[in-house]
Amino acid sequence: IYEKVQKHYPNALECKIVDHSDGCGAKLELTVVSNSFEGMPLLKRHREIQNNLKEKGLFEEIHALQIKAWTGEQWEKKKGGV
């Protein structure tokens, strides 16, 4: 899944997946930081990522998915606690 998301966002500043399902991949936390999200509402970012996973046939494998889709500026604020 990581490779598929990374290919869809090749200029992502950060692309990370954390498996919260003890290795089976059913419960994932996906973080994508990309300036392509600039000006895009959060819900639209999430839908874009979900649709990409569905198109690749990967969404059926996931039971629970937490998406964090941020712009570079939002990411820097979160990292710096500003």
Fill in the blank from the handout: Scanning the range 30-71 residue by residue, those surrounded by 14 or more Cβ atoms within 10 Å (Cβ to Cβ) and in a strand (DSSP E or B) turn out to be 30, 31, 32, 33, 65, 67, 68, 69, 70
Handout entry: Residue check for residue 74: modelled with pLDDT of 90 or more, surrounded by fewer than 15 Cβ atoms within 10 Å (Cβ to Cβ) and of a type in the set (S, T, N, Q)
Key = no
Problem - Members of the range 1-29 found to be open to solvent by less than 60 Å² (accessible area, probe 1.4 Å), within 21 Å of residue 79 (Cα to Cα) and part of a loop (DSSP other than H, G, I, E, B), listed by number - result: 9, 12
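The values are calculated or read from the model by the stated rules, or taken from the named source; none is laboratory data. Bear in mind the structure is a predicted one, so any value in this text is a computation, not a measurement. Backbone-built Cβ (ideal geometry, glycine too); neighbour counts: all protein chains shown. Accessible surface areas use protein heavy atoms only, side chains included; no ligands, DNA or RNA. Shrake-Rupley method; radii C 1.70, N 1.55, O 1.52, S 1.80 Å.
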